[in-house]
Amino acid sequence: MSALVFVEIEEGVAKKSSLEAVSYAAQVDGSAVAIVFGGLTDEEASKIGAAGATKILNASDEKLATPNIMAYASAIAEAMEKESSSLLVLAKSSLGDPVSARVAIKTGASLATNVVDLPDTNGGFKVKCSIYTGKAFAMTSLSGDKKILGLKKNAIAIKEDGGSATVESFSPSLNDADFKVKVTSREKATGEILLPEADLVVSGGRGLKGPENWGMIEELAKTIGAATGCSKPVSDMDWRPHHEHVGQTGVKVSPSLYIAVGISGAIQHLAGVNSSKYILVINKDGEAPFFKAADYGVVGDAFEVIPKLTEAIKAQQG
Amino acid sequence: MKILVCITHVPDTTSKISFTDNNTKFDKTGVQYIIGPYDDYALARAVELKESSGGSITVLNVGEAETEPTLRKALAIGADDAIRINTFPRDAFFVAKEIAKAAQQGEYDLILMGRESIDFNGGQVHSMVGELMGLPSVSPVMVLDIDGNTAKIQREIEGGKEYMELDLPFVAGCQEPIAEWKIPNMRGIMSARSKPLNVVEPSTDDTATEVEVFELPPAKSGVKLIDPDHLDELVNLLKNEAKVL
Ligand SMILES: Cc1cc2nc3c(=O)[nH]c(=O)nc-3n(C[C@H](O)[C@H](O)[C@H](O)COP(=O)(O)OP(=O)(O)OC[C@H]3O[C@@H](n4cnc5c(N)ncnc54)[C@H](O)[C@@H]3O)c2cc1C
Ligand SMILES: Nc1ncnc2c1ncn2[C@@H]1O[C@H](COP(=O)(O)O)[C@@H](O)[C@H]1O
């Protein structure tokens with residue numbers, strides 16, 4: 001009886017947010033079993049072990065190599081049964097969210113999502129969930145015998161001192177009904193740091209005037225190893241791709257540091273960044289509302305400040 | 001084509017969030033309610049699909065009587081009739097069961113929802129409804145084109161998108177740029193008053209979760225401003241105080 005953890009493998013690498021889920025499950029349940037699809041290298045297996053899993057179910061069937069929401073949900077429900085798991089933990093994502101909701105219906109489990117902290121198990125099972133797009137929290141109790149938790153990024157630090165996990169091959173039963181959706185192709189930025197996973201984010205707004213001025217944003221991002229984001233008008237005008245749009249109607253980020261350049265700080269933008277640990281705002285207008293939500297601020301022209309800041313960081317990096 | 005659009009009745013995105021009754025109830029004082037922004041995209045796409053290939057649009061909300069103005073607004077935007085399932089939407093599981101039951105009865109070709117509600121941000125209801133009805137569910141959908149019985153979809157994933165094909169019926173959770181939000185015109189508002197709004201009693205009372213108490217995040221302690229001519233100092237703070245570089 002261990003907690004089960006769905007670990008997403010992206011381009012061969014276990015996602016950081018999934019490793020957080022492993023450490024979370026290991027801490028809550030004492031032991032954790034991971035399930036992976038689409039191939040597992042020794043290196044990734046040892047990372048998953050170090051994060052706290054004692055066993056990895058490796059569902060390597062070729063038919064499951066590309067992400068398939070319905071088939072993954074069936075396989076995970078089957079794995080929960082096989083391992084007698086009463087707890088499933090996973091990271092929130094475009095794959096994790098629909099999979100968890102389907103598994104909840106299949107298994108009759110109680111599902112809580114946007115979980116930001118370890119559970120309170122004094123007389124029940126309660127978790128703190130982020131609601132109203134980060135503007136509040138709900139202490140939510142889960143009544144079912146089985147429970148599923150969808151974690152927000154940074155709910156817990158990744159353990160690195162776990163043991164090594166045994167790898168067991170797992171062949172879930174496949175049914176045709178789960179293959180009704182045909183993924184004809186996938187387009188994915190490669191080699192970039194993905195925004196929802198990023199620990200540092202540099203975002204640009206309409207204050208940058210045009211897509212041709214993003215060079216300095218990218219340069220700063222590259223210098224500190226950050227992902228790039230933007231405000232909604234910027235993606236609406238196609239200056240940047242839609243998947244970089246941060247806010248109420250876009251990506252919700254929770255990095256250690258969010259750097260906002262030429263963004264006014266409309267409440268809908270703030271809704272996507274209010275789980276950041278620290279916020280640095282660079283805006284030429286000292287009255288910009290973003291400064292009220294910031295930890296650090298520079299009132300100045302981005303076209304001067306950003307190159308200078310990048311130089312200053314490079315100088316200190318030596 | 002018969003389309004069902006499920007909409008939430010949620011605080012306007014500029015609302016200040018606060019709670020009453022020892023932090024057990026949402027404080028509605030001064031709050032403006034709207035159709036959830038993602039649900040608004042779903043509705044807008046439904047109206048476009050109806051314009052191009054005919055059919056009908058039913059909007060549905062699981063909520064108490066106070067949500068009726070929001071349903072009327074959806075009727076003004078272009079839905080033909082509305083269903084309100086008369087109960088407080090206790091949790092995603094409960095709502096999904098009610099929607100699945102109504103959807104089963106209506107035999108819709110397409111069920112459109114928002115990618116997520118902006119109060120609980122679960123992003124769960126569409127997948128739960130799909131699973132309960134034995135249908136595929138796809139979310140978040142950025143492009144939805146329908147040709148006969150087949151849909152072509154672009155779904156956003158982290159750092160990119162997926163192109164997919166599937167047959168009707170299915171459930172989709174929508175987001176921009178699937179369609180432009182539509183603003184009701186005078187004719188729409190007038191006709192909405194006489195369109196049917198059916199109130200249905202709920203059929204279950206199963207929930208899986210319960211909110212015990214709400215909490216607000218701690219307030220920020222105030223911004224430290226750094227002179228643009230002394231950016232070394234900023235780098236120093238980021239490194240040694242925040243410890244993020
Ligand atoms: C339902 C709804 C949902 C929404 N969802 C989102 C969302 O998810 N994400 C989002 O971002 N927005 C969202 N919006 C839009 C939001 O209200 C704002 O319009 C938007 O965030 C503004 O973007 P911006 O800050 O880039 O542009 P602006 O508000 O135009 O701000 C530009 C800023 O740049 C500064 N500036 C100009 N020149 C310089 C310079 N040379 N150097 C430094 N600073 C400079 C200006 O002082 C100004 O503060 C939503 C709106 C609605 C109604
Ligand atoms: N009470 C409700 N009534 C009707 N539709 C709902 C309700 N709650 C959620 N939905 C639909 O389900 C979507 C996802 O909601 P959620 O899972 O709460 O994020 C929403 O965008 C709506 O389309």
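The values are calculated or read from the model by the stated rules, or taken from the named source; none is laboratory data. Keep in mind that this is a model prediction, so the values were computed, not measured. Cβ placement follows ideal geometry from the backbone for every residue including glycine, while neighbour counts extend to all protein chains displayed. Quick note on the areas: whole protein, heavy atoms, side chains included, nothing else; ligands and nucleic acids left out. Shrake-Rupley method; radii C 1.70, N 1.55, O 1.52, S 1.80 Å.
Pairing chains A and B buries close to 6900 square angstrom of accessible surface in total, based on protein heavy atoms and a 1.4 angstrom probe. Under the membrane-span-like helix rule (DSSP H runs whose alpha carbons stretch at least 18 Å along the helix axis, mean Kyte-Doolittle hydropathy -0.5 or higher), chain A yields A:16-29, A:69-82, A:302-317. For A:K126, give me every one of the lysines with a C-alpha distance below 16 angstrom, ignoring sequence neighbours fewer than eight places off in its own chain. Answer for A:K126, where 16 Å is the Cα cut-off: A:K146, A:K147, A:K152, listed by chain and number. Partner aspartates and glutamates whose Cα lies under 13 Å from the Cα of B:K152, excluding those fewer than 8 positions away in the same chain, are identified as B:E162, B:E165, B:D167. With Cα atoms as the point set, chain B shows a radius of gyration and Dmax of 21.1, 67 Å. Across peptide A:271-282, the mean count of Cβ atoms from other chains lying within 10 Å of each residue's own Cβ comes to 3. Note on B:137-144: average number of Cβ atoms from other chains within 10 Å of each residue's Cβ is 2. Counting Cβ atoms of other protein chains within 10 Å of each Cβ in A:293-300 and taking the mean gives 6. Accessible surface area normalised per residue over chain A is 37 Å², counting heavy atoms of protein chains with a 1.4 Å rolling probe.
For a straight C-alpha distance cut-off of 18 angstrom, the lysines reachable from B:K220 (same-chain residues fewer than eight places away being disregarded) are A:K135, A:K277, A:K292, B:K16, B:K243. When the alpha-carbon atoms of the protein assembly as shown are used, the pair Rg, Dmax equals 23.3, 72 angstrom. Treating each Cα of chain A as one equal point scatterer and applying the Debye formula with no solvent, the log10 of I(q)/I(0) at q = 0.15 Å⁻¹ comes out as -1.18.
Which pairs in the list A:K63/A:K92; A:K92/B:K161; A:K55/A:K128; A:K222/A:K314 are over 19 Å apart, alpha-carbon to alpha-carbon? Let's see the in-between values first.
Numbers: A:K63/A:K92 23 Å; A:K92/B:K161 17 Å; A:K55/A:K128 28 Å; A:K222/A:K314 11 Å.
Exceeds cut-off: A:K63/A:K92; A:K55/A:K128.
Placing +1 on the Cβ of every Lys and Arg and -1 on the Cβ of every Asp and Glu, with no other charges, gives the protein assembly as shown a dipole of roughly 820 debye about its Cα centre.
Each of the peptides B:97-106, B:199-208, A:4-13 was scored by the mean count of other Cβ atoms within 10 Å over its residues; in descending order, highest first, they stand as A:4-13, B:97-106, B:199-208. Calculate what fraction, in whole %, of the accessible area of segment A:217-302 sits on carbon and sulfur atoms when a 1.4 Å probe is rolled over the protein chains. Taking all protein chains in place, segment A:217-302 shows 52 percent carbon and sulfur surface. Computing FRET efficiency as 1/(1 + (r/R0)^6) for B:E107 and A:K222, where r is the C-beta to C-beta distance and R0 is 51 Å, gives about 0.40.
Pairwise Cα distances in segment A:230-296 exceed 13 Å for 59 percent of all pairs.
Which shape class, rounded, prolate or oblate, goes with segment B:43-138 when its Cα gyration tensor gives a ≥ b ≥ c as root eigenvalues, a/c under 1.5 marks rounded, and past that a/b bigger than b/c marks prolate? Judged from the Cα gyration tensor, segment B:43-138 comes out oblate (a/c at least 1.5, b/c at or above a/b). Per Stokes-Einstein, at 25 °C and 0.890 mPa s, what whole-number D in µm² s⁻¹ belongs to segment B:107-245, with the Kirkwood radius over Cα pairs as the hydrodynamic radius? Value of D from the Cα-based Kirkwood radius: 121 µm²/s. Measuring nothing but protein heavy atoms, the accessible surface of chain B at 1.4 Å probe radius is 49 percent carbon and sulfur. Note: relative contact order over chain A, using C-alpha pairs below 8 Å and six or more positions apart, is 14 percent.
Within the assembled protein chains, the solvent-accessible surface assigned to A:W214 is about 0 Å², based on a 1.4 Å probe. Considering only alpha-carbon pairs that sit under 8 angstrom and 6 or more positions apart, the relative contact order computed for segment B:1-40 is 51 percent. On a per residue basis, segment B:1-140 carries 35 Å² of accessible surface, using protein heavy atoms and a 1.4 Å probe.
Taken over segment A:122-249, the ratio of Cα radius of gyration to 2.2 N^0.38 Å equals 1.48.
The relative contact order of chain B, computed from alpha carbon pairs under 8 Å that lie at least 6 residues apart in sequence, is 24 percent.
For segment B:1-66, the ratio of Cα radius of gyration to the globular rule of thumb 2.2 N^0.38 Å stands at 1.44.
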